[in-house]
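The values are calculated or read from the model by the stated rules, or taken from the named source; none is laboratory data. Please read all numbers here as calculations on a predicted model, not as lab measurements. Positions of Cβ are generated from backbone atoms using ideal geometry, with glycine treated the same way; all protein chains shown enter the neighbour counts.
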Amino acid sequence: MNSDVAISVENISKCYKIYNKPQDRLKQGLFRGRKYYREFWALRNVSFEVKKGETIGIVGKNGSGKSTLLQIIAKTLAPTSGNIKVNGRVAALLELGSGFNPEFTGRDNIYLNGSILGFSQEEMDDLYNSIVSFADIGDFIDQPVKTYSSGMTVRLAFAVQVMVPKEILIVDEALAVGDELFQRKCYAKLEEFKQQGGTVLFVSHSGSTVVQLCDRAVFIDGGECLLVGLSKRVVNLYQKFIHAPIEKKQQLRDEIKSILSSTNLQSDSFEVEGNKISIIDQPSSMIELEAAYDPHFIFQGTIYESKGANIVSCEILDSSAKKVNLLVSRETYTWTYLVEFQKSFNDVQFGMLIKSESGLELGGAVSSWLGKGLLIKENTLVKVEFNFTANLLPGSYFLNCGVMDDSGTYITRAVDMYAFKVLHREGLLGTAIVDFHIENKITISDLENEINV
Ligand SMILES: Nc1ncnc2c1ncn2[C@@H]1O[C@H](COP(=O)(O)OP(=O)(O)OP(=O)(O)O)[C@@H](O)[C@H]1O
């Protein structure tokens, strides 16, 4: 292995044997000629290299094989086939605390973990205070681990792994538990390790965290490595893939995969500097997504009790009045709903609100302010329309509607009634949720000339 390579993953595959009944496992041990299990391939022929000092992110949806891959690299799980070469000491933030003996105190477990990692008693004596101070669990350090909360166990296990000397750190973000301050401390430690030249392998569902922390990223889907490249570009394609309508997913997957198969997998092809960046440029054939309606992407919202009016239907229409729930960023749409009034009301206001997946209220509007509303008579049907521009970055969003009376209370209200996705749009460079149409201009100057890029 090249001396500047920290990890080399060559054609790794992992097959799990799935037994339908526990007896089948026993039978398999006794009768080797027959097969009592079915095979499940969690990884298939995954290959990539990580250079020393690089931070690599692994992205992929739930069950795509990320943790399996990390466990194989950390050597806590054996691959079915393929080769892993690791150049340097590894500390892994995986299944934190699983190596602890619950009957032993925190102090004893620090030494126990240290010896598993190959450190002597004297080396652990030197590290002990920094581990205890990072874990910050107070007097519990002298109590048996079985008396710890799960958060305290993870903090102690995390502290051991981040404080021992190592060249490679493997982090599964799903395990980044603890309060915000502890998480901040963990990220700061990760940054410090990177700056000191450490190599990091990092799994996350969060595209923005991967872009922020990682030089390059590996996109895994269904146990296959679809793409390796600069983190921003890989994350863009990953997000485009997960938010693509079902009927276009396979085509997009094939296109993304063809980028990888059309490039040489040797590590030299993935230099961050130089013209080799172009290996993950999208081919010009990459499909352009259009607004559409996905009948599978429907969310059962909540309709609140009616006080004399009912919301009877709602939908998003595109500019040609076609019903859609897959929207293209920056295009204009109409959110429309019908309200049947059984009673008469003075000063009625109609409202809309867009929320993020986590429930964050992103923006909305009312048809008028209190005191300037409409008089609506009983037995009327009202069509409400709000035009809006999808100034949102790719992701899933929810629409709400509400009708208020002259006291500002809801006559009827429908929460999360309509789910929609915003699809990726070529050239979009925004991050986070809201697309502020931010433009950039980078000016590179030397002492004599000014060149605009
Ligand atoms: N011990 C096991 N036996 C059988 N199948 C397993 C086992 N461990 C994992 N799998 C399966 O292998 C696949 C990959 O699992 P893995 O945990 O690596 O995915 P992941 O990408 O890390 O998912 P997540 O993001 O949800 O953590 C999944 O379909 C999972 O059900």
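Filter the range 63-91 for residues that are touching a Lys or Arg at 6+ places or on another chain (Cβ under 9 Å), within 14 Å of the ligand (Cβ to nearest atom) and closer than 24 Å to residue 191 by Cβ and give the result.
69
Which fully enclosed strands (runs of 3 or more DSSP E) of the range 191-265 have 2 or more residues being within 16 Å of the ligand (Cβ to nearest atom), under 18 Å from residue 169 (Cβ atoms) and of a type in the set (A, V, I, L, M)?
Details: elements: 199-203, 216-221, 224-230.
Filter on the range 191-265 gives 199-203, 216-221.
Could you check the range 128-164 and list, in sequence order, the residues that are over 22 Å from residue 202 (Cα atoms) and outside any helix (DSSP H, G or I)?
136, 137, 143, 144, 148, 149, listed by residue number.
Conditions first: (1) touching a residue at least 60 places away in the same chain (Cβ under 8 Å); (2) of a type in the set (A, V, I, L, M, F, W, C); (3) closer than 24 Å to residue 350 by Cα. Residue 404 passes all but one, so which condition is the exception?
Result: residue 404 fails condition (1) only.
What strands (runs of 3 or more DSSP E) completely inside the range 299-360 contain at least 2 residues that are not assigned by TED's automatic domain parsing to the domain that holds residue 393?
Details: elements: 309-317, 326-328, 332-341, 345-356.
In the range 299-360, no matching strands (runs of 3 or more DSSP E) lie anywhere.
Residues to consider are 136, 142; find the one that is in contact (Cβ under 8 Å) with a residue 24 or more places away in the chain, at positive phi and not β-branched (Val, Ile, Thr).
Going through 136, 142 in turn, the sole match is 136.
Please enumerate the residues belonging to the range 30-62 that are closer than 20 Å to residue 241 by Cβ, of a type in the set (Lys, Arg) and either modelled with pLDDT under 95 or near the ligand (Cβ under 10 Å from one of its atoms) (or both).
Selection gives 61 alone.
For the range 376-397, give me each residue that is out of contact with any Asp or Glu (no Cβ under 9 Å at 6 or more places or on another chain) and either part of a strand (DSSP E or B) or under 17 Å from residue 241 (Cα atoms) (or both). Break it down stepwise before answering.
If we filter the range 376-397 for residues that are out of contact with any Asp or Glu (no Cβ under 9 Å at 6 or more places or on another chain), which is where we start, we get 376-378, 383-388, 394.
Result: 376, 383, 384, 385, 386, 387, 388, 394.
Return the pairs, sorted by first residue and then second, in which the second residue is of a type in the set (Lys, Arg) and more than 7 Å from the ligand (Cβ to nearest atom), the first residue lies in the range 63-77 and is at pLDDT 90 or above, the beta carbons are less than 7 Å apart, and the residues are 6+ apart or on different chains.
Correct list of pairs: 68/14; 72/14.
Out of 53, 114, I need the residue that is outside any strand (DSSP E or B), within 24 Å of the chain's Cα centre (by Cα) and surrounded by 15 or more Cβ atoms within 10 Å (Cβ to Cβ). Which one?
Going through 53, 114 in turn, just one is outside any strand (DSSP E or B), within 24 Å of the chain's Cα centre (by Cα) and surrounded by 15 or more Cβ atoms within 10 Å (Cβ to Cβ): 53.
What number of residues within the range 101-133 satisfy the criterion of being farther than 22 Å from residue 186 by Cα, touching a residue at least 12 places away in the same chain (Cβ under 8 Å) and among the hydroxyl-bearing types (Ser, Thr, Tyr)?
So the answer is 1.
Between a residue in the range 180-194 that is farther than 15 Å from residue 163 by Cα and any residue that is at pLDDT below 70, which pairs come within a Cβ distance under 7 Å, given they are 6 or more apart or on different chains?
Correct list of pairs: 183/176.
For the subset of the range 398-451 comprising residues that are among the acidic types (Asp, Glu) and in a strand (DSSP E or B), which member is farthest from residue 295 (Cα to Cα)?
Filtering first and then ranking leaves 450.
Could you tell me whether the range 366-385 includes any residue that is under 25 Å from the mean Cα position of the chain (by Cα) and either β-branched (Val, Ile, Thr) or within 19 Å of residue 207 (Cα to Cα) (or both)?
Within the range 366-385 (the criterion being under 25 Å from the mean Cα position of the chain (by Cα) and either β-branched (Val, Ile, Thr) or within 19 Å of residue 207 (Cα to Cα) (or both)), the answer is no, since none of the residues qualifies.
Residues checked against (1) closer than 26 Å to residue 209 by Cα; (2) surrounded by fewer than 13 Cβ atoms within 10 Å (Cβ to Cβ); (3) without any contact (Cβ under 8 Å) to a residue 24 or more places away in the chain:
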residue: 8; (1), (2), (3): yes, no, no
residue: 26; (1), (2), (3): no, yes, yes
residue: 39; (1), (2), (3): no, yes, no
residue: 46; (1), (2), (3): yes, no, no
residue: 60; (1), (2), (3): yes, no, no
residue: 79; (1), (2), (3): no, no, no
residue: 86; (1), (2), (3): yes, no, no
residue: 96; (1), (2), (3): yes, no, no
residue: 99; (1), (2), (3): no, no, no
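If only one of 10, 95 is acidic (Asp, Glu) and under 21 Å from residue 205 (Cα atoms), which one is it?
Only one candidate qualifies: 95.
Take residue 375 and tell me if it is surrounded by 14 or more Cβ atoms within 10 Å (Cβ to Cβ), hydrophobic (A, V, I, L, M, F, W, C) and in contact with a strand residue (DSSP E or B) (Cβ under 8 Å, 6 or more places away or on another chain). Lay out the reasoning, then the answer.
On the way: surrounded by 14 or more Cβ atoms within 10 Å (Cβ to Cβ): no; hydrophobic (A, V, I, L, M, F, W, C): yes; in contact with a strand residue (DSSP E or B) (Cβ under 8 Å, 6 or more places away or on another chain): yes.
No: the conditions fail for residue 375.
Residue under question is residue 13, and the condition is that it be modelled with pLDDT of 95 or more, surrounded by fewer than 16 Cβ atoms within 10 Å (Cβ to Cβ) and away from the ligand (no atom under 11 Å from the Cβ); does it hold?
Against the criterion (modelled with pLDDT of 95 or more, surrounded by fewer than 16 Cβ atoms within 10 Å (Cβ to Cβ) and away from the ligand (no atom under 11 Å from the Cβ)), residue 13 does not qualify.
Inspect the range 201-212 for any residue being over 15 Å from the mean Cα position of the chain (by Cα), surrounded by 18 or more Cβ atoms within 10 Å (Cβ to Cβ) and at pLDDT below 80 and give the result as yes or no.
no
Tell me which of these residue 125 doesn't satisfy, since it passes every other one: (1) on the phi < 0 side of the Ramachandran plot; (2) surrounded by fewer than 20 Cβ atoms within 10 Å (Cβ to Cβ); (3) assigned to a loop (DSSP other than H, G, I, E, B).
(3)
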